[in-house]
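Encoded as structure tokens, the structure appears first; notes follow it.
The values are calculated or read from the model by the stated rules, or taken from the named source; none is laboratory data. What you are looking at is a predicted structure, and each value in this text was computed from that prediction instead of being measured. A quick note on method: Cβ atoms are made from the backbone with ideal geometry, for glycine too, and the neighbour counts reach across all protein chains shown. Accessible surface is based on the protein model in full, side chains and every heavy atom, while ligands, DNA and RNA are left aside. Shrake-Rupley method; radii C 1.70, N 1.55, O 1.52, S 1.80 Å.
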Amino acid sequence: KAGVTQTPRYLIKTRGQQVTLSCSPISGHRSVSWYQQTPGQGLQFLFEYFSETQRNKGNFPGRFSGRQFSNSRSEMNVSTLELGDSALYLCASSSRTGGRDEQYFGPGTRLTVT
Amino acid sequence: AQTVTQSQPEMSVQEAETVTLSCTYDTSESDYYLFWYKQPPSRQMILVIRQEAYKQQNATENRFSVNFQKAAKSFSLKISDSQLGDAAMYFCAYRAGNQFYFGTGTSLTVIP
């Protein structure tokens, strides 16, 4: 089975621009979660989608949004980029929401905002 | 509010020795799951071990084992016979319902 894939792997954007990141979960997985990883902050939960519905949202401003398609692929969008948005954005998929199931992580998208 | 605390930002261990990484969590839930994830440098995060809160027996996976103290809300990871490939960032995670909470990580260095 192919793992979680994320595109692009690296991005450099300018402050004020917007960006869209993509995540393809493991085949059959219906839950996709997004995290922001920065040094010293660990992983901060952004949101989770399950069957095209946002199930949970972390404490991030409205500039961060996402969606999930019928094939479970998910996109995350950040508008009006700020320098502080520079981070590694991780996507994780799971076969269901809740329970003992682990999350399988993608390699991440490294976003640099200049 | 659920929180996960890893109080050791960095740890080091001699190859072949044993090291224990600490994790505490705060929750009012009775049904939850705990995980340790490993993130090697520039590589994907992978699951090391998981523990169901309702199980009293500590989980083990080869050289990795946990010390789960439910009353103390403590979930430490013990790595025995440390290997160079164990060098990574280790994250403790807690799941209740459909949301994961991660600690800030412990960077483990393995000294040859």
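When nucleic acids and ligands are ignored and a 1.4 Å probe is applied, B:Asp31 ends up with an accessible area of around 90 Å². Within straight-line reach of A:Lys57, meaning a Cα separation under 30 Å, sit the following lysines at least 8 residues removed in sequence or on another chain: A:Lys1, A:Lys13, B:Lys38, B:Lys55, B:Lys70, B:Lys73. With springs only between Cα atoms under 10 Å apart, run a GNM on chain A and tell me which of A:Gln36, A:Gln68, A:Gln44 wobbles the most. So, out of A:Gln36, A:Gln68, A:Gln44, the one fluctuating most is A:Gln44.
Using 0.36 nm per residue, how much length does the chain from A:Thr38 to A:Phe60 gain when fully extended, once their Cα-Cα distance is taken away?
6.5 nm
Computed from backbone phi with θ = phi - 60° and the Karplus coefficients 6.51, -1.76 and 1.60, the 3J(HN,Hα) list for the range A:29-42 is 7, 10, 9, 10, 10, 10, 9, 10, 10, 10, x, x, 9, x Hz; x is used for glycine and proline. The distance separating the Cα centre of the range A:57-114 from that of the range B:79-108 comes to 20 Å. Note on the range A:2-25 and the range B:51-70: Cα centroid distance 36 Å, given to the nearest whole angstrom.
Apply 1/(1 + (r/R0)^6) to the Cβ-Cβ distance of A:Ser79 and B:Gln14, taking R0 = 45 Å, and write down the FRET efficiency to the nearest 0.05. Rounded to the nearest 0.05, the efficiency is 0.40. Model label sites at B:Asn98 and A:Ala2, defined 7 Å from Cα along the beta-carbon direction, differ in position by 2.6 nm. Peptide A:49-60 is shielded by partner chain Cβ atoms: per residue, an average of 1 of them sit within 10 Å of its Cβ. When A:Ser94, B:Ser7, B:Ser65, B:Ser28 are compared by accessible surface with a 1.4 Å probe, the order from highest to lowest is B:Ser28, B:Ser7, B:Ser65, A:Ser94. Partner aspartates and glutamates whose Cα lies under 12 Å from the Cα of B:Lys78, excluding those fewer than 8 positions away in the same chain, are identified as B:Glu17, B:Glu61, B:Asp86. Take the Cα of B:Glu61, step 7 Å toward its Cβ, do the same at B:Lys78, and the gap between the two points is 1.8 nm. Placing a pseudo-label 7 Å from each Cα along the Cα-to-Cβ vector at A:Thr20 and B:Ser28 gives an inter-label distance of 4.1 nm. For the range B:87-94, putting each phi into the Karplus relation 6.51 cos²θ - 1.76 cosθ + 1.60 with θ = phi - 60° gives couplings of 5, 4, 8, 10, 10, 8, 9, 10 Hz, in residue order, rounded to whole numbers and with x for Gly and Pro.
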